[in-house]
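Colleague: The structure follows.
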Amino acid sequence: MKLNYQSISFHPKLAFGLDLVLGLVFLWWLTQINVWWVLLLWVGFRLALWAIMVRLAYFSLSVSRWPHYFSLTVFGLGSLLLLIFSDWSGAWVVLGGASALFPALSFWFLPAKEIELSFEKKSYRRWRFLLSIFGLTGIVSGMMAIATFQLFYNVSNAIWWFAAAIVATVVALWWWREYGIKWSRRVGLWAFMFFLLMAELVGILMLWPIGYLADGLLIVWWWYILWLLVRFHLSSDGIVWKKQTVFLAFSAVAMILFLVFAVRWK
């Protein structure tokens with residue numbers, strides 16, 4: 001009898017358990033890698049198994065599969081770069097645990113039944129958004145680390161500069177779409193402006209002597225602020241400045257405290 005794979009559907013809680021086990025296996029495998037081509041093989045297998053998991057897990061009709069896979073891909077690449085460039089064993093353990101647990105939780109938050117109201121999907125969408133932010137932080141930090149250590153000596157730092165800005169813009173565009181902002185000429189113009197702002201920010205922070213992890217955190221911190229303001233600007237209601245004043249003031253104070261007390265200036 002021929003098996004129809006389309007009839008297979010994992011319950012979200014089962015998908016959570018399977019992905020957690022696979023995440024721990026891949027974490028162990030990562031500790032055994034010592035050549036670059038095996039690392040590429042690791043990445044390929046990880047992304048392929050996530051694609052299979054997303055295909056086989058149960059998704060209600062109101063939830064799309066491939067946005068889920070996009071979030072997992074961004075998170076997976078970012079967490080891998082953070083693990084590679086982490087030079088403190090305690091941080092490696094924490095990041096390793098997160099790299100296994102956080103993607104699995106994205107399946108846990110999947111609605112287990114058909115839903116029609118948008119607020120019922122909020123926790124699931126917010127978790128995917130957090131995965132993307134975490135992953136973006138890792139990707140940007142990794143690119144800054146590659147530029148700092150000049151791992152590819154024949155590649156100009158400007159390449160990593162623009163690559164970080166491009167990735168940040170692509171993730172921003174994706175999440176504007178996830179929050180109901182449809183593509184238009186106006187959105188395209190704002191995406192181009194967003195890219196220019198991110199490129200300028202990355203270029204400035206490349207010159208700061210604060211380390212690649214702090215660079216990544218600051219870039220994604222500003223990324224979130226800009227993404228949020230542009231999202232509200234592109235929405236039908238626009239930016240309600242009275243509501244955003246407290247958020248912007250808090251962010252400014254928190255950023256100053258971070259730069260003064262948390263960042264180690266070299």
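Colleague: Which order, highest average first, do 34-45, 142-153 follow once you tally other Cβ atoms within 10 Å for each residue and take the mean per peptide?
Modeller: In decreasing order of mean packing, 34-45, 142-153 become 142-153, 34-45.
Colleague: Looking at the chain as a GNM with Cα springs under 10 Å, which of Trp227, Trp88, Trp50 has the largest mean-square fluctuation?
Modeller: Evaluated over the chain, the most mobile residue of the options is Trp88.
Colleague: Kyte-Doolittle cut-off 0.0, length cut-off 27 Å along the helix's own axis using Cα: show which whole DSSP H helices in the chain pass.
Modeller: 12-31, 36-56, 65-85, 89-108, 122-149, 157-178, 185-206, 212-234
Colleague: Still on this structure, please answer the following. State, to one decimal in nm, how far the label point of Ser123 lies from the label point of Thr148, with both points 7 Å from Cα in the Cβ direction.
Modeller: 3.7 nm
Colleague: Obtain the nm distance between the two label points defined at Lys243 and Arg186 by a simple spin-label model: each point lies 7 Å from its Cα along the Cα-to-C-beta direction.
Modeller: Going by the 7 Å Cα→Cβ label model, 1.8 nm.
Colleague: Given that just one value was derived from the coordinates, which of [x] 14.7; [y] 16.3; [z] 17.3 is mean projected area of the Cα convex hull in nm²?
Modeller: Computed from the coordinates, mean projected area of the Cα convex hull in nm² corresponds to [z].
Colleague: For region 97-169, which trypsin sites (Lys or Arg not before Pro) pass both filters: DSSP loop (anything but H, G, I, E, B) and at most 10 other C-beta atoms within 10 Å?
Modeller: For trypsin sites (Lys or Arg not before Pro) across region 97-169 that sit outside H, G, I, E and B with at most 10 neighbouring Cβ atoms in 10 Å, the list reads Lys113.
Colleague: Among Ser99, Ser79, Ser235, which one shows the highest mean-square fluctuation when the chain is modelled as a Gaussian network with alpha-carbon springs under 10 Å?
Modeller: So, out of Ser99, Ser79, Ser235, the one fluctuating most is Ser235.
Colleague: Across the chain, where is the longest run that never hits GluC sites (Glu not before Pro) in a DSSP loop with at most 13 other C-beta atoms within 10 Å?
Modeller: 117-266
Colleague: Sticking with this one: Grab every C-alpha pair in region 115-266, bin the distances at 10 angstrom width from 0 up to the longest one, and report whole percents.
Modeller: The distribution over region 115-266 is 10, 35, 36, 15, 3, 0, given as percents.
Colleague: Can you give the net charge of the other residues whose Cβ lies under 13 Å from the Cβ of Ser236, counting K and R as +1 and D and E as -1?
Modeller: Local charge sum for Ser236: +2.
Colleague: What are the trypsin sites (Lys or Arg not before Pro) within region 166-226 that DSSP puts in a loop, where the Cβ has at most 13 other Cβ atoms within 10 Å?
Modeller: Passing sites in region 166-226 are Lys182.
Values quoted throughout were computed directly from the atomic coordinates according to the rules given, and no laboratory measurement underlies them. Since we're looking at a predicted model, the values are computed, not measured. Quick reminder, even Gly has a Cβ in these numbers, built from the backbone with ideal geometry, and neighbours come from all protein chains shown.
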